[in-house]
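In what follows, a structure is listed as structure tokens, so that the remarks can point back to it.
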Amino acid sequence: MAPMTLVLLVLLCLGTVLTCSGSGSGIRMKLTHVDAKGSYTVEERVRRAVAASRQRLASLRGGGGGSVSAPVHWATQQYIAEYTVGSPPQRAEALIDTGSDLIWTQSTACLRKVCARQDLPYFNASASGSFAPVPCQDRACAANYVHLCALDGGCTLVASYGAGAVIGFLGTDAFAFASGSGTVALAFGCVSFTQFFPGALHGASGLIGLGRGRLSLVSQTGADRFSYCLTRYFHKDAAPSHLFVGAAAPSHLVSSMAFVENPKDFPYSTFYYLPLVGISVGDTRLPINSSVFELQQIKEVKGYWTGGVLIDSGSPFTSLADGAYLPLHDEVARQLNGSLVAAPEDSGFDLCVRRDDVDTVVPALVFHFSGGADMALPPENYWAPADKTTACMAILDGYDQSIIGNFQQQNMHLLFDVAGGRFSFQKADCSTL
């Protein structure tokens, strides 16, 4: 596409940026696990996953300690995608997040030492012939939860996360997500200030939100669906995972259910909630009241919700609310009985067996959803190697929150039919997609 044509595309989209669509063939992105950038042992990756899961859970639970506060989206992320932005194109890397909306990247507008370290150069808006600022009056500006009018009439944005916060200005530019895939004009945050805990970005340039809000990649490209398939988690030299948006995603998969209806209150409105109603360990259905998994409004405080079951790309391990975790823990312990061994010190785990015994003694775990869909998890999807001789159950106590994490999603193709309001899944060899 010629540079002048690209500029015109961006300017035409500016007033209606939230309805511009991408390639008719959809978007396909290769996903790289954040730990692939480091020389971590399997055991170190497991411990990092435990810490990230607890941090993610704490951010989604809000204030904790008996206080009431809204959850924040991103505390940790696990997968990075590469793309280009601008004309001529500039390379960037983004963490992928199903729990937030905004697309943003750090830019050369960052003042000295106020942005995080990243592996690629900061985005230079002035070097892009297709970049255009979004006016404060544009509806794209209003779509960000916290926005302000700058003195020059531009749109200043603020986004808060469990990992920290960003400040910048909203603009539009041409994005490309794979070689030869064409470009799409998107509104995004050109960030000039970030404040995160160390290492939160994992060297990435920013974030791509896949949530339900109007500024997410899904909404802006006009996609009616997206899917992803995550390869084996702790295998050395594992094949890359993949994300598919729009027509690149399948139209249906084997098992399907309706999403739970979202609250209108932000940020709950952007999450993906599933209708989990029960759990089985082997042939034993656990005595869990389905109300344990229900999303409930906090009556004392308007606009705040608790509970529910999130399907989440950013949390490594699954967490279950007390009313489900405790029965699960007790039943697994009962069934394993003489096979249990002591958990490694400071591992963060409780129930463990010898690594060599996992495939022979650990029962299958099944999540039962409303409508009859069952998600069967083999031992390798919920037991993780804690050290060289020990493997442990990688499901955590979520207190009042349940999250189906990405370790439990490995080698499973997951489809988010946003337009149809349905979630589908099926077993897959994700290394072959």
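The values are calculated or read from the model by the stated rules, or taken from the named source; none is laboratory data. Predicted, not measured: the structure shown is a model, and the values here were computed from it. When we count neighbours, we look across all protein chains shown, and the Cβ atoms used for this are built from the backbone with ideal geometry, even at glycine. Side chains are part of the model used for accessible areas, which takes the heavy atoms of the whole protein and leaves out ligands, DNA and RNA. Shrake-Rupley method; radii C 1.70, N 1.55, O 1.52, S 1.80 Å.
For the pair residue 224 and residue 427 in one chain, pulling the backbone fully straight at 0.36 nm per residue adds 70.9 nm over the alpha carbon distance.
Note on residue 251 and residue 397: with the Förster distance fixed at 30 Å, the Cβ-Cβ geometry gives a FRET efficiency of about 0.20. Compared with the alpha-carbon gap, the fully stretched path from residue 232 to residue 370 is longer by 46.9 nm at 0.36 nm per residue.
Judged by the mean number of other Cβ atoms found within 10 Å, the most tightly packed of the peptides 153-165, 348-360 leads the ranking 153-165, 348-360. Between residue 284 and residue 160, the FRET efficiency from the beta-carbon distance, with R0 = 41 Å, is close to 0.45.
Could you calculate the FRET efficiency of residue 329 with residue 239 from 1/(1 + (r/R0)^6), where r is the beta carbon distance between them and R0 is 25 Å, rounded to 0.05? Given R0 = 25 Å and the Cβ-Cβ separation, E is 0.15. Measuring nothing but how far apart in sequence close Cα pairs (under 8 Å, 6+ apart) lie, relative to its length, the range 209-289 scores a relative contact order of 22 percent.
Peptides 195-201, 28-34 ranked from most to least packed, by the mean per-residue count of other Cβ atoms within 10 Å: 28-34, 195-201.
Counting only heavy atoms of the protein chains and using a 1.4 Å probe, residue 93 has close to 30 Å² of accessible surface. Near residue 185, the amide H atoms lying under 5 Å from its own belong to 175; only residues 5 or more places off or on other chains count, and H is placed 1.01 Å from N. Extension gain for the segment residue 151 to residue 322, taken as residue separation times 0.36 nm less the Cα-Cα distance, is 56.6 nm to one decimal. Per residue, the range 108-178 exposes an accessible area of 48 Å² to a 1.4 Å probe, with every protein chain left in place. Peptides 259-265, 140-146 ranked from most to least packed give 140-146, 259-265, packing being the mean of other C-beta atoms within 10 angstrom over each peptide's residues.
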